[in-house]
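The values are calculated or read from the model by the stated rules, or taken from the named source; none is laboratory data. Since we're looking at a predicted model, the values are computed, not measured. Glycine also receives a Cβ, built like all others from the backbone with ideal geometry; neighbour counts cover every protein chain displayed.
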Amino acid sequence: MTTPKKILFLASEADPFVKVGGLGDVGGSLPNALLDLNANLDVRLVIPFHVAIRMDLFDIHRELVFTIARDGIEVPVQVFHVELRGLPVYLISGDPFSRATKVYDTDAAVDGEKFVFFSMAALELARKLDWRPDIVHANDWHTASALYGVRMMQQAGDPFWLGVKTLMTVHNLCYMGAGSEAALTAYGLPAVNDPALPWWGQQTPMPLGLWAADEIVAVSPSYAEEIQTPEYGCGLETFLQSRHERVIGIVNGIDTVSWDPEKDEALAEPFSRDDLDARAATKKLLQTQFGLEINDSLPLLAMVTRMDQQKGVDIALGALRLITDLDWQAILLGSGNPDIEATARRLESDFPHRVSAVIRYDGKLSRQIYGGADMLLMPSRYEPCGLAQMIAMRYGAVPVARATGGLRDTIAEGYSGFLFTDASPGVMAGALRRAIKTFKKPENWQRIQRAGMGGDFSWQVSAQQYAELYQSMLARKE
């Protein structure tokens, strides 16, 4: 049997250890899905040992202690180890993380210090383990400087890193790690002298990672195209265009074990693709809980979202006001921007018997909404991948979404959902009218529900694409 290909997988968070956003789903699911493929891969996950991680919940033990250089001074690093369903996981601790009070800080310089320290410590960990990776796979700006570090050591002729390939997955290009300049310099990562990058990107983690990476993966094919345009490129579109042959898209997956309407205990009744009538019990539960008319023939519209500009919540609120001549109900769940929260509350105040604004995070309620609402609204101004639309389709809630990024790649207009193009209330209102008209024809509606529920959004699909990419990277002769 051939020697397994070694993949050093770096992420700033991973479920079940710590999860703040969708990146936690990726870190917690993709490495295990890669191992499950039996594709002759030796994958090891490395994450920071955040203060939020509870040692008592996992069989964690200390593995190594070593130092890395910062401004000529040796800084201690502690590494802990645990197995997660057969996956080796290493947690890196040190002064930048022991002093931190949360996973992500509002002070850019504090986060810069944390994640540059983590990235360089992760590379030194591989050396200390005498485990030379074939590929270093970084995710977003927090680990991007590791790829730049590999490139710097390769250019210096370090034999440990010669021939190692690097891959950068872009989950959200707009977050680049600005404020990390001092930390990069301190850990021996100078500004890159390459006019292909804009001046401000020559000492910023995300651009440096993209510059150093052998392959760049955006989290959907459409987002891979979008980041090469001025509208979505965040100032890096020209650079990314120059590397377009190395920019591809792979859609993230969802945990189909956790998200399973046949076994989800949050639902009033379990249901399946072949038993959609059982969804009515959870819809009735929602209508009762929020004082809405108990009527299965009324379409129940919903949002489960972070309330901010990116998610287009204001677009949805405006669109709902434009279709008040139609019969519908709505539940809006989420929190975030105070002004958007206030706008959601005003809509509830103006239409108290048909709109309920729930301003909080509520995991159980979100599951009930996926399993009981008829439509999930996702009017995002940009959406690199999106998970909610895939969960909604798996639960029989039909997405009404803007055709951008991963939404465009996972929803088929009129087949598994409804799409609109312009980020405006008027255009979204038109899509909602189409959806509500279809809802009134139960056979057609259930056909759309079943189409969405029949889609394969599992991590196995994404993992297979990553495994094939790894193989092509290693086969490529530079």
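Residue check, Leu347 against (1) surrounded by 17 or more Cβ atoms within 10 Å (Cβ to Cβ); (2) under 27 Å from the mean Cα position of the chain (by Cα); (3) within 15 Å of Pro425 (Cβ to Cβ), all met but one. Which one?
Leu347 satisfies all of (1) surrounded by 17 or more Cβ atoms within 10 Å (Cβ to Cβ); (2) under 27 Å from the mean Cα position of the chain (by Cα); (3) within 15 Å of Pro425 (Cβ to Cβ) except (2).
Mind counting the residues in segment 143-178 that are touching a Leu at 6+ places or on another chain (Cβ under 8 Å), crowded, with 24+ Cβ neighbours inside 10 Å and not aliphatic (A, V, I, L, M)?
5
Please go through (1) within 22 Å of Ile60 (Cβ to Cβ); (2) surrounded by fewer than 22 Cβ atoms within 10 Å (Cβ to Cβ) for Asp107 and return the number of the only condition it doesn't satisfy.
That leaves (1) as the condition not met.
Assess whether Val65 counts as being surrounded by fewer than 16 Cβ atoms within 10 Å (Cβ to Cβ), among the aliphatic types (A, V, I, L, M) and free of Cβ contacts under 8 Å to residues at least 40 places away in the same chain.
yes
Considering only segment 242-268, state which residues are buried (at least 16 other Cβ atoms within 10 Å of the Cβ) and of a type in the set (Asp, Glu).
Residues satisfying the conditions are Asp255, Asp264.
Do any residues in segment 278-301 that are under 18 Å from Gly396 (Cβ atoms) and of a type in the set (Val, Ile, Thr) have Cβ atoms under 8 Å from those of residues that are assigned to a helix (DSSP H, G or I) and modelled with pLDDT of 95 or more, where the two are at least six apart or on different chains, and which pairs are they?
Listed pairs, sorted by first residue: Thr282/Gln368; Thr282/Gly371; Thr282/Gly372.
Looking at Ile323, Ile294 in this structure, which one is surrounded by 15 or more Cβ atoms within 10 Å (Cβ to Cβ), farther than 20 Å from Met390 by Cβ and in contact with a helix residue (DSSP H, G or I) (Cβ under 6 Å, 6 or more places away or on another chain)?
Ile323
Considering only residues that are closer than 19 Å to Asp158 by Cβ and either over 24 Å from the mean Cα position of the chain (by Cα) or polar (S, T, N, Q) (or both), which ones fall in segment 124-142?
Listed by number, the residues that qualify are Glu124, Leu125, Ala126, Arg127, Lys128, Leu129, Asp130, Trp131, Arg132, Pro133, Asp134.
Consider Gln154 carefully, then state whether it is modelled with pLDDT of 95 or more and farther than 29 Å from Val110 by Cβ.
Criteria met by Gln154.
Looking at the structure I just gave you, is Ala302 over 15 Å from Ser366 (Cβ atoms) and either buried (at least 20 other Cβ atoms within 10 Å of the Cβ) or in contact with a Phe, Trp or Tyr (Cβ under 6 Å, 6 or more places away or on another chain) (or both)?
No; evaluated as a whole, the condition is false for this residue.
When you scan segment 193-210, do you find a residue that is surrounded by fewer than 20 Cβ atoms within 10 Å (Cβ to Cβ) and either in contact (Cβ under 8 Å) with a residue 60 or more places away in the chain or under 30 Å from Leu34 (Cβ atoms) (or both), even just one?
Pass one, segment 193-210, residues surrounded by fewer than 20 Cβ atoms within 10 Å (Cβ to Cβ): 193-196, 198-200, 202.
Subsequent filtering for residues that are either in contact (Cβ under 8 Å) with a residue 60 or more places away in the chain or under 30 Å from Leu34 (Cβ atoms) (or both) retains none.
No, segment 193-210 contains no residue that is surrounded by fewer than 20 Cβ atoms within 10 Å (Cβ to Cβ) and either in contact (Cβ under 8 Å) with a residue 60 or more places away in the chain or under 30 Å from Leu34 (Cβ atoms) (or both).
Mind checking which residues of segment 1-52 are more than 12 Å from Tyr90 (Cα to Cα) and of a type in the set (Val, Ile, Thr)?
Thr2, Thr3, Ile7, Val18, Val20, Val26, Val51
Given the conditions (1) surrounded by fewer than 19 Cβ atoms within 10 Å (Cβ to Cβ); (2) in contact with a Ser or Thr (Cβ under 6 Å, 6 or more places away or on another chain); (3) closer than 21 Å to Asn252 by Cα, which single one is not true for Gln465?
Checking Gln465 against (1) surrounded by fewer than 19 Cβ atoms within 10 Å (Cβ to Cβ); (2) in contact with a Ser or Thr (Cβ under 6 Å, 6 or more places away or on another chain); (3) closer than 21 Å to Asn252 by Cα, the one that fails is (2).
Determine, yes or no, whether Arg127 is surrounded by fewer than 18 Cβ atoms within 10 Å (Cβ to Cβ), at pLDDT 95 or above and either assigned to a helix (DSSP H, G or I) or among the hydroxyl-bearing types (Ser, Thr, Tyr) (or both).
Values: surrounded by fewer than 18 Cβ atoms within 10 Å (Cβ to Cβ): yes; at pLDDT 95 or above: yes; either assigned to a helix (DSSP H, G or I) or among the hydroxyl-bearing types (Ser, Thr, Tyr) (or both): yes.
Yes.
Taking Glu265, is it within 16 Å of Leu365 (Cα to Cα) and either outside any loop (DSSP other than H, G, I, E, B) or not assigned by TED's automatic domain parsing to the domain that holds Leu407 (or both)?
Yes; evaluated as a whole, the condition is true for this residue.
Assuming Tyr361 fulfils every condition listed in (1) hydroxyl-bearing (Ser, Thr, Tyr); (2) closer than 22 Å to Lys440 by Cα; (3) surrounded by fewer than 17 Cβ atoms within 10 Å (Cβ to Cβ) apart from one, which condition is it?
If we test Tyr361 against (1) hydroxyl-bearing (Ser, Thr, Tyr); (2) closer than 22 Å to Lys440 by Cα; (3) surrounded by fewer than 17 Cβ atoms within 10 Å (Cβ to Cβ), just (2) comes out false.
Kindly state which helices (runs of 4 or more DSSP H) lie completely within segment 403-478 and contain at least 2 residues that are of a type in the set (S, T, N, Q).
Numbers: elements: 405-410, 425-439, 442-453, 459-475.
Passing ranges, in order: 442-453, 459-475.
Output the residues belonging to segment 25-62 that are in contact with a Pro (Cβ under 8 Å, 6 or more places away or on another chain) and surrounded by 18 or more Cβ atoms within 10 Å (Cβ to Cβ).
Within segment 25-62, Gly28, Leu41, Val43, Arg44, Leu45 qualify.
Restricting to segment 230-265, what's the tally of residues that are under 29 Å from Ala392 (Cα atoms), without any contact (Cβ under 8 Å) to a residue 60 or more places away in the chain and touching a helix residue (DSSP H, G or I) at 6+ places or on another chain (Cβ under 7 Å)?
Residues flagged as under 29 Å from Ala392 (Cα atoms), without any contact (Cβ under 8 Å) to a residue 60 or more places away in the chain and touching a helix residue (DSSP H, G or I) at 6+ places or on another chain (Cβ under 7 Å) within segment 230-265 amount to 1.
Quick one: in segment 20-48, of everything that is within 20 Å of the chain's Cα centre (by Cα) and in a loop (DSSP other than H, G, I, E, B), which residue is modelled with the lowest pLDDT?
Gly21
Taking the condition among the polar types (S, T, N, Q), at pLDDT 95 or above and within 29 Å of Gly253 (Cβ to Cβ), does Ser424 pass?
So Ser424 does not fit the description; no.
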